[in-house]
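The structure appears right after this line, and notes come after that.
The values are calculated or read from the model by the stated rules, or taken from the named source; none is laboratory data. This one's a predicted model, so the numbers in the text were calculated from it and none came from an experiment. Heads up, the Cβs are rebuilt from the backbone with ideal geometry, glycines too, and the neighbour counts pull from every protein chain shown. Keep in mind that these areas ignore ligands, DNA and RNA; they rest on the heavy atoms of the full protein, side chains included. Shrake-Rupley method; radii C 1.70, N 1.55, O 1.52, S 1.80 Å.
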Amino acid sequence: KDFIDDSTVLVEYFRGPSSDEIYVFALDSKRLSEKNPIAVKLPVLDSHVRLKILGFRNLLESADEAYSPELHEKGKELYKLLITPFESLLAGKTRLIFVPHGNLNFLPFAALENPEGKNLIDLCEIVYLPSAGTIRLCRAKNRNHHETLLAYAFGDNQTANLSSLPNTIKEVEAVAANFDPEKSLVIKNGSMSLEEFSAKAAGKEVIHLATHGVLHPLLPLESAIMLGLTAVPVKDVMTLDLQANLVTLSACQTGLGKLYEGDEMVGLTRAFMYAGTPSVL
């Protein structure tokens, strides 16, 4: 139970030897103790799943406030393919941990819909991990202290390609209202170098960055988080030594990265985990 508690289901997908087959392995604490995971070969090829994910993402990105009938349909189709094989394990559970593989790294599982039309995020908390083994590592690093805060807002900064984000100031103010002002550092506007950020983040248990994220699909190590006019790329984030229990990247595209053979996903979320943060939102 120090690995998976009674409220959790762990799901790991794996692309088979042919590179076009997908297997899913799922277990809860009971099946873990019995060493009896659900193991199923999915009835769809990985190449077909890639097209379905692309179509689903395109619909999500172009959607207005309300889902279109087509978006509902595609969300339910992907749920049936990817979730139904282990759905029996979800009864009474509150947390679902996904270890994606291949193209599934680009799927927002939270938006999938069950047959009753409920999004997966409404049924349980969703966590993503690069591998099942990192559960122990993340728990060892998480000291469950969330008292000191560093919050940064892009605010009125702007560049030739990036607009100002005045509402990020309201965002960090709202976050800071939950913390003791004497234990908080809230920065509205302005820029920070990597060295300045590292110094201000030292000892902070919660870091909240409300800013722009910049994705470079062809050069993933150059994907960056904007600290005002300073772009801090993935390759530099990885060099940080953070003690934060939670980093929130409140910006577009921060959950994406580039997929390599071997299933290494290079992106900002993974970079902050490398920097020592057990939980990245």
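For first residues located in region 1-21 and on the phi > 0 side of the Ramachandran plot, partners that are in a strand (DSSP E or B) and at pLDDT 90 or above and lie 6+ apart or on another chain with Cβ distances below 8 Å do not occur.
Of the residues that sit in region 62-83 and are surrounded by fewer than 18 Cβ atoms within 10 Å (Cβ to Cβ) and hydroxyl-bearing (Ser, Thr, Tyr), which one is modelled with the highest pLDDT? This residue is Ser68. Within region 41-51, is even one residue free of Cβ contacts under 8 Å to residues at least 12 places away in the same chain and open to solvent by 40 Å² or more (accessible area, probe 1.4 Å)? Checked against the condition, which is being free of Cβ contacts under 8 Å to residues at least 12 places away in the same chain and open to solvent by 40 Å² or more (accessible area, probe 1.4 Å), region 41-51 yields at least one hit. With respect to the numbered conditions (1) under 16 Å from Asn245 (Cα atoms); (2) touching a Phe, Trp or Tyr at 6+ places or on another chain (Cβ under 7 Å), which one is the sole condition not fulfilled by His212? Condition (1) is where His212 drops out. Does any residue of region 152-160 turn out to be without any contact (Cβ under 8 Å) to a residue 24 or more places away in the chain and either open to solvent by 50 Å² or more (accessible area, probe 1.4 Å) or under 20 Å from the mean Cα position of the chain (by Cα) (or both)? Yes, region 152-160 contains a residue that is without any contact (Cβ under 8 Å) to a residue 24 or more places away in the chain and either open to solvent by 50 Å² or more (accessible area, probe 1.4 Å) or under 20 Å from the mean Cα position of the chain (by Cα) (or both).
Of all residues being part of a helix (DSSP H, G or I) and in contact (Cβ under 8 Å) with a residue 24 or more places away in the chain in region 170-188, which is least open to solvent (accessible area, probe 1.4 Å)? Just the residue, please. Quick ask: steps written out before the conclusion?
Taking region 170-188 as the starting set, the residues that turn out to be part of a helix (DSSP H, G or I) are 170-176, 181-183.
Within this subset, residues satisfying the condition of being in contact (Cβ under 8 Å) with a residue 24 or more places away in the chain are 171-172, 175-176, 183.
Values: Glu171: 55, Val172: 0, Val175: 31, Ala176: 20, Lys183: 87 Å².
The selected residue is Val172.
Only one of Leu90, Leu71, Leu59 is more than 22 Å from Leu281 (Cα to Cα) and in contact with a Ser or Thr (Cβ under 8 Å, 6 or more places away or on another chain). Can you tell me which? Exactly one residue qualifies, and that residue is Leu59. Against the test of being open to solvent by 40 Å² or more (accessible area, probe 1.4 Å), in contact (Cβ under 8 Å) with a residue 24 or more places away in the chain and in a loop (DSSP other than H, G, I, E, B), the options Ser198, Ser163, Ser191 yield a single qualifying residue, Ser191.
Mind checking which residues of region 84-135 are part of a helix (DSSP H, G or I), under 23 Å from Asp46 (Cα atoms), hydrophobic (A, V, I, L, M, F, W, C) and modelled with pLDDT under 90? Show your work before the answer.
To start, the set of residues in region 84-135 that are part of a helix (DSSP H, G or I) comprises 84-90, 102-106, 109-111, 120-123, 134-135.
Right, trim to under 23 Å from Asp46 (Cα atoms) and you get 84-87, 102-106, 109-111, 120.
Add one more test, that the residue is hydrophobic (A, V, I, L, M, F, W, C), and what stays is 86, 104, 106, 109-111, 120.
Listed by number, the residues that qualify are Leu104, Phe106.
Going by the conditions given, is Ser131 of a type outside the set (Lys, Arg) and either in contact with an Asp or Glu (Cβ under 6 Å, 6 or more places away or on another chain) or open to solvent by 60 Å² or more (accessible area, probe 1.4 Å) (or both)? First the steps, then the outcome.
Details: of a type outside the set (Lys, Arg): yes; either in contact with an Asp or Glu (Cβ under 6 Å, 6 or more places away or on another chain) or open to solvent by 60 Å² or more (accessible area, probe 1.4 Å) (or both): no.
So Ser131 fails the test.
Farther than 20 Å from Tyr13 by Cα and surrounded by 14 or more Cβ atoms within 10 Å (Cβ to Cβ), is that true of Leu59?
Values: farther than 20 Å from Tyr13 by Cα: yes; surrounded by 14 or more Cβ atoms within 10 Å (Cβ to Cβ): yes.
Here the answer is yes, as Leu59 does meet what is asked.
Taking region 1-32 only, how many residues are surrounded by fewer than 12 Cβ atoms within 10 Å (Cβ to Cβ) and either under 15 Å from Thr84 (Cβ atoms) or more than 25 Å from the chain's Cα centre (by Cα) (or both)? Residues flagged as surrounded by fewer than 12 Cβ atoms within 10 Å (Cβ to Cβ) and either under 15 Å from Thr84 (Cβ atoms) or more than 25 Å from the chain's Cα centre (by Cα) (or both) within region 1-32 amount to 3.
Residues in region 85-107 that are within 13 Å of the chain's Cα centre (by Cα) and open to solvent by 40 Å² or more (accessible area, probe 1.4 Å): Phe106 alone.
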